[in-house]
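So the structure is just underneath, and the comments pick up after that.
The values are calculated or read from the model by the stated rules, or taken from the named source; none is laboratory data. Quick caveat, the model's predicted, so the values are computed rather than measured. Heads up, the Cβs are rebuilt from the backbone with ideal geometry, glycines too, and the neighbour counts pull from every protein chain shown.
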Amino acid sequence: MEEVYAIVYLDTSFYSVKEDGIVRKKVIYNVIGINLDGYKDILIASVDGLTGFVDAIHAAFPKTEVQMCIVHQFRNTFKYVPHKYRKEITKDLKPIYQAPNLEAAETALEEFEKKWGKTHPIAVQIWKNNWELAYFKYSKPIRKLIYTTNPIENVHLQFR
């Protein structure tokens, strides 16, 4: 291991594996770190929202900031939204994750809640619960690195 990881991407991938003549689902936990010089720690972890990741990270690295992958937040949101509303909800979420600062994002999230809270409360709650983690503490170039787990998703494609 390196001494410092500026950003760590964590994700899971499920595979069908034949064991003893039976096909079973198996999970692979993947971690990719972007390193720097310094003391041993993780500065930012970009995760897919799998239950337990945040707690496990904080147990080992209590000062690590965790950012939920926005792509995974969309996927989770769309589980609770009829297909006919997805385009409009996507448009309405854009001012949140593309806001120039936290205050603007919070205002956009309030507007999103006003519009969709009564008809799609779970979709709104997903964003309220998982939004303000590390994202707005950093400049736009860093935000581009941490808003998605795509770097590790590309590793999944290579495994398949």
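Just wondering, is there one or more residues in the range 83-91 that are modelled with pLDDT of 95 or more, among the polar types (S, T, N, Q) and over 29 Å from residue 8 (Cα atoms)?
no
For the list (1) touching a residue at least 40 places away in the same chain (Cβ under 8 Å); (2) assigned to a helix (DSSP H, G or I), I need the number of the one condition that residue 86 fails.
The single condition residue 86 does not satisfy is (1).
Every residue in the range 100-141 that is assigned to a loop (DSSP other than H, G, I, E, B) and either under 17 Å from residue 77 (Cβ atoms) or of a type in the set (S, T, N, Q) (or both), please. First the steps, then the outcome.
Applying the first criterion (assigned to a loop (DSSP other than H, G, I, E, B)) to the range 100-141 yields 100-101, 117-120, 131-134, 138-139.
Answer for the range 100-141, where residues must be assigned to a loop (DSSP other than H, G, I, E, B) and either under 17 Å from residue 77 (Cβ atoms) or of a type in the set (S, T, N, Q) (or both): 101, 117, 118, 119, 120, 131, 132, 133, 139.
What are the residue pairs meeting all of these: first residue in the range 115-137, first residue closer than 15 Å to residue 69 by Cβ, second residue buried (at least 19 other Cβ atoms within 10 Å of the Cβ) and aromatic (Phe, Trp, Tyr), Cβ atoms under 9 Å, and 6 or more apart or on different chains?
Pairs found: 127/112; 135/147.
Only one of these is over 18 Å from residue 7 (Cα atoms) and at pLDDT 75 or above: 63, 79. Name it.
Of 63, 79, the one residue that is over 18 Å from residue 7 (Cα atoms) and at pLDDT 75 or above is 79.
Only one residue in 44, 57 is among the aliphatic types (A, V, I, L, M), surrounded by 10 or more Cβ atoms within 10 Å (Cβ to Cβ) and modelled with pLDDT under 75. Which one? Working first, answer last.
Working: 57 fails: modelled with pLDDT under 75.
So the residue among 44, 57 that is among the aliphatic types (A, V, I, L, M), surrounded by 10 or more Cβ atoms within 10 Å (Cβ to Cβ) and modelled with pLDDT under 75 is 44.
Table: residues versus (1) crowded, with 16+ Cβ neighbours inside 10 Å; (2) of a type outside the set (A, V, I, L, M, F, W, C).
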residue	(1), (2)
80	no, yes
85	no, yes
93	yes, no
98	no, yes
104	no, no
121	no, yes
